[in-house]
Amino acid sequence: MVDLKALFSLTGKRVLVTGSSRGIGRALASGLAAAGARVALHGATASQALDGAVAEVGNGAIAIAGDLATIQAVDAIAEQALSALGGVDILVLNASIEVREAWDAISHDAFARQVAVNLEASTRLISALAPGMVDRRWGRILGIGSIQEVKESPAMPVYAGLKAAQTSLMRNLARQFAASGITCNTLAPGVVETDRNRQALTDAALRERLTRQIPMAHFGEADDFIGAAVFLCSDAGRYVTGVRLLVDGGMHL
């Protein structure tokens, strides 16, 4: 008989979740820790929110602070995770920034910062952490995408494009890493009730319009992504790589 508990267990695994002081990242860190992993939570700066998330997650979780917009900080985050955890088996690329600018009003600084955080930092973290996974012949790289990869918002063309680019990166690396026991997948949320979205979703007309686009007729919550993440990061998902899993209440349909 299959031991489902063992199949989904992450006991002994070491995880770095970027952007995990709040929202989906915090929920994923908590879920992976509940499955047995030791987690390094990351925030752009040291904060009470980050410390609170670490305390909530438990199981030996640690905090790492650093601005992913700078190469030096990205390298330091990788080094701290490797040193504190003794290695990283699972990398969850959750951190991102979104700037609401129409296509004809995109500023250089906002464009550059989104590229740095949403794509370049992910690539650099993979470069730093994947070699250890290759040596151990086991690893999981999980990018957090967006419904905007298939239903783009006119207000965030750069953000949508970069999420699509990260998913393309995951597919490219999935083929390259497959023989080394490493899977690379993307978990793409729909509309989620998080701190980052709260202000926009106070607009009643916007809420109604978005709700009409979702077959399940309601927004997601951060905890809705835990099950899919544990599946993709555990041995239960060992034969799944290069996929984009939309968790969106059917909004992509």
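The values are calculated or read from the model by the stated rules, or taken from the named source; none is laboratory data. None of these values were measured; they are calculated from a predicted model. Reconstructed Cβ throughout: ideal geometry from the backbone, glycine too, with neighbour counts over all protein chains shown.
A few notes on this one:
- Restricting the stretch 161-172 to residues that are within 16 Å of the chain's Cα centre (by Cα) and either closer than 19 Å to ARG140 by Cβ or at pLDDT below 95 (or both), the residue that is surrounded by the fewest Cβ atoms within 10 Å (Cβ to Cβ): SER168
- Answer residue from the stretch 48-96, given it is in a loop (DSSP other than H, G, I, E, B) and not small (Gly, Ala, Ser) and is nearest to THR18 (Cα to Cα) among those: ASN94
- Among the candidates SER9, SER21, residue that is of a type in the set (S, T, N, Q), within 15 Å of VAL230 (Cβ to Cβ) and in contact with an Asp or Glu (Cβ under 9 Å, 6 or more places away or on another chain): SER9
- All positions within the stretch 19-47 that are more than 11 Å from ALA61 (Cβ to Cβ) and in a loop (DSSP other than H, G, I, E, B): GLY19, SER21, ARG22, ALA35, GLY36, ALA44, THR45, ALA46, SER47
- Any chance ARG198 is loosely packed, with under 13 Cβ neighbours inside 10 Å and among the charged types (D, E, K, R): yes
- Tallying residues that are hydrophobic (A, V, I, L, M, F, W, C) and farther than 14 Å from ALA130 by Cα within the stretch 143-193 yields 14.
- Lone qualifier among ASP203, ASP224, ASP248 - being surrounded by 14 or more Cβ atoms within 10 Å (Cβ to Cβ) and either farther than 12 Å from ILE24 by Cα or in contact with a Cys (Cβ under 9 Å, 6 or more places away or on another chain) (or both): ASP248
- If you go through the stretch 178-220 and pick out every residue that is at pLDDT 90 or above, of a type outside the set (D, E, K, R) and over 21 Å from the mean Cα position of the chain (by Cα), you end up with 9.
- Members of the stretch 135-145 found to be buried (at least 16 other Cβ atoms within 10 Å of the Cβ) and farther than 23 Å from GLY66 by Cα, listed by number: TRP138, GLY139
- Selected residue (criterion: modelled with the lowest pLDDT) from residues of the stretch 97-118 that are part of a helix (DSSP H, G or I), over 17 Å from ALA165 (Cα atoms) and of a type in the set (D, E, K, R): ASP104
- Here ALA178 passes the criteria (1) crowded, with 17+ Cβ neighbours inside 10 Å; (2) of a type outside the set (Lys, Arg); (3) touching a residue at least 60 places away in the same chain (Cβ under 8 Å) except the one numbered (1).
- Checking MET156 against (1) more than 27 Å from GLY220 (Cβ to Cβ); (2) touching a residue at least 24 places away in the same chain (Cβ under 8 Å); (3) among the hydrophobic types (A, V, I, L, M, F, W, C), the condition it does not meet: (1)
- Subset of the stretch 64-91 that is over 13 Å from ARG124 (Cα atoms) and touching a residue at least 60 places away in the same chain (Cβ under 8 Å) - its residue that is surrounded by the fewest Cβ atoms within 10 Å (Cβ to Cβ): GLY86
- Residues in the stretch 3-36 that are over 17 Å from the mean Cα position of the chain (by Cα) and of a type in the set (S, T, N, Q): SER9, THR11.
- Leading residue by the ranking (modelled with the lowest pLDDT) among those in the stretch 125-160 that are touching a helix residue (DSSP H, G or I) at 6+ places or on another chain (Cβ under 6 Å) and among the acidic types (Asp, Glu): GLU152
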